[in-house]
Amino acid sequence: MSWRLLQGAVSRQQRLADNDMVPKRTPLMLQIWMLASWCLSYPIVFLSRVMHRRMGADPKRFAERLGHQSEPSSDEVIWFHAASLGEVMQIGPLAQHLSQAEKTKVLVTTTTAAGADWVARNMPDALHRFVPIETPSAVRRFLGTWAISAAIFVEGDLGPRLVMGLRKRGVPQILLNARHSRTRARFPAVFGFLLAQFSLITCRSRSVAQDLSALGLPDELIHVVPDLRLTLPKLSAPAAVTDALSDAIGARPLWLAGSTHPADEGAVLAAHLEVVNAHPNALLIIAPRHPYRGEPLHQLANDQGFEVARRSLGDEISTNTQIYIADTLGEIGAFFALSSITFLGGSFGNEGGHNPYEPASFGSAILYGPHVKNFAGAYAALGEVGAAFKIGEPAELGTAVVDHLGEDKASKMARAGLDYMAQTQDCISTYLGLVEGALATKRP
């Protein structure tokens with residue numbers, strides 16, 4: 001089939017699928033995707049149903065992924081799409097401020113059940129739905145149901161049908177906290193075309209901005225601003241908790257392993273053996289990401305000969321305690337406040353790391369492993385100012401902790417982290433100004 005015949009076939013099928021002509025400059029790969037997602041609608045629905053069930057989402061809510069919306073709002077909404085937990089956790093303060101400023105309700109969509117649960121707990125005034133799958137009927141139902149006044153995507157996860165559908169309806173689109181993307185680099189023509197429909201793009205580094213400019217996007221569309229995560233409020237660290245623990249710990253050398261996962265914990269315990277050899281009265285606090293890890297951690301530490309206390313059991317920290325397992329929820333801020341050194345977990349396994357701005361805001365020097373793809377920009381920024389130190393291999397953790405305990409390195413890193421956080425405290429106003437400006441230019 002010749003090039004012209006192929007383009008004609010794709011365009012004709014797309015007109016059938018979307019009842020509208022594909023723009024002449026639509027990249028061929030995007031046309032093929034639109035055609036394929038139409039032809040393969042039933043398999044896409046089947047696979048989506050399987051994934052919905054596997055992630056433990058409410059089976060009754062699968063209809064939302066097909067664009068069926070129970071009790072939709074007839075009022076205008078500002079729509080935020082944040083694919084998973086890491087993205088959706090960024091939007092709380094901005095969504096609240098924007099909702100109040102624009103006097104408009106907020107609709108949040110996520111792909112994952114974990115993201116849905118977070119919205120239910122932390123954004124009770126927002127409407128939540130699962131994002132529709134990329135089939136013509138699902139997208140058409142979704143966009144036809146909601147009166148969307150603006151669409152705001154976080155980091156990425158751009159559904160081509162959704163972007164094109166919003167464009168046809170004249171809805172302003174915004175991308176916040178854009179990051180490096182292998183998919184975007186692999187299909188520059190597709191993403192250049194899609195992102196050209198946007199009113200505003202913010203990114204957290206100049207290197208990401210250069211990637212976006214290379215797609216042919218105008219410079220005035222792209223803004224380098226601090227990480228959206230910096231708009232999040234500082235974690236709670238109640239004085240009643242920190243004072244009691246501080247009294248029990250006294251002047252002992254202390255380090256924290258926070259938000260750990262199984263892939264981190266063996267290295268953490270091995271590191272503490274080295275620390276105790278150098279500082280016999282040193283104390284390690286382990287705050288596992290999931291409290292159910294308290295029991296297996298306790299057993300593992302006992303097997304290695306450590307004296308262990310567990311917070312969930314009400315154990316006290318005594319002079320003999322070598323490891324204190326903080327297997328509770330909602331108290332990690334207190335442990336960041338107590339410790340001058342934090343190894344942040346999720347960085348030796350496949351979890352992608354955890355938010356380093358949290359310990360930095362408490363003046364805790366940050367050590368981390370090599371696998372932090374979910375927060376690569378944040379770690380890079382803190383590393384540039386000297387607030388975070390990368391551990392190349394798990395076996396190197398103990399040496400790094402001893403090194404930072406024995407010199408003034410930790411206090412210098414802590415000051416650098418506090419200075420960095422202080423310089424970026426007001427970035428919520430920067431985001432609000434950019435978003436409101438982009439929306440104002442689109443109003444009649």
#### Entry: Extension gain, Asp426 back to Ala270 (0.36 nm per residue minus Cα-Cα distance, nm)
52.1 nm
### Message
Once R0 is set to 45 Å, what does the formula 1/(1 + (r/R0)^6) return for the Cβ-Cβ distance between His180 and Ser318, expressed as a FRET efficiency to the nearest 0.05?
### Response
0.40
### Task
For Ala189 paired with Asn281, estimate the spin-label separation in nm (one decimal), with each label point 7 Å from Cα along the Cα-to-Cβ line.
7.0
### Query
What accessible area per residue comes out for the chain, rounded to a whole number of Å², with a 1.4 Å probe?
46
### Message
If packing is taken as the average number of other Cβ atoms within 10 Å across a peptide's residues, how do 302-313, 81-92, 390-401 rank, most packed first?
### Response
81-92, 390-401, 302-313
#### Entry: Count of lysine pairs in the chain with Cα separation under 23 Å (8 or more residues apart, or interchain)
10
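Whenever you get a sec, compute what percent of the accessible area on segment 108-150 sits on carbon and sulfur atoms (1.4 Å probe). Before the final figure, lay out the partial values.
Details: 780 of 1580 Å².
It is 49 percent, rounded to a whole number.
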#### Entry: Tensor-based shape of segment 349-444 (alpha-carbon gyration tensor, a/c under 1.5 rounded, otherwise prolate or oblate)
oblate
#### Entry: Pairwise label distance in nanometres, Asn122 with Ala214, each label 7 Å out on the Cα-Cβ vector
3.2
### Message
Show me the ranking of peptides 285-291, 216-222 by mean Cβ neighbours inside 10 Å, starting with the highest.
### Response
285-291, 216-222
### Query
If you work out semi-axes √(5λ) of the Cα gyration tensor in Å from the coordinates, which of (i) 45, 22, 21; (ii) 34, 30, 21; (iii) 52, 24, 21 do you get?
(i)
### Task
Could you calculate the FRET efficiency of Ala380 with Arg49 from 1/(1 + (r/R0)^6), where r is the beta carbon distance between them and R0 is 35 Å, rounded to 0.05?
0.35
### Query
When the solvent-accessible surface of protein heavy atoms is calculated with a 1.4 angstrom probe, in what order do Arg182, Arg61 fall, highest first?
Arg182, Arg61
### Query
How far apart, in nm, are two points set 7 Å out from the Cα along the Cα-to-Cβ line at Leu418 and at Leu40?
5.4
### Task
Net charge near Val385: determine it from the other residues with C-beta under 12 Å of the C-beta of Val385, scoring Lys and Arg +1 and Asp and Glu -1.
0
### Query
Roughly to the nearest percent, how much of the accessible area of segment 267-306 is carbon and sulfur, given a 1.4 Å probe?
52
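The values are calculated or read from the model by the stated rules, or taken from the named source; none is laboratory data. Just so we're clear, the structure is a prediction, and the values are computed from it rather than from any experiment. No Cβ is skipped: glycine too gets one built from the backbone with ideal geometry, and neighbour counts run over all protein chains shown. These accessible areas exclude ligands, DNA and RNA; they are computed on the full protein's heavy atoms, side chains included. Shrake-Rupley method; radii C 1.70, N 1.55, O 1.52, S 1.80 Å.
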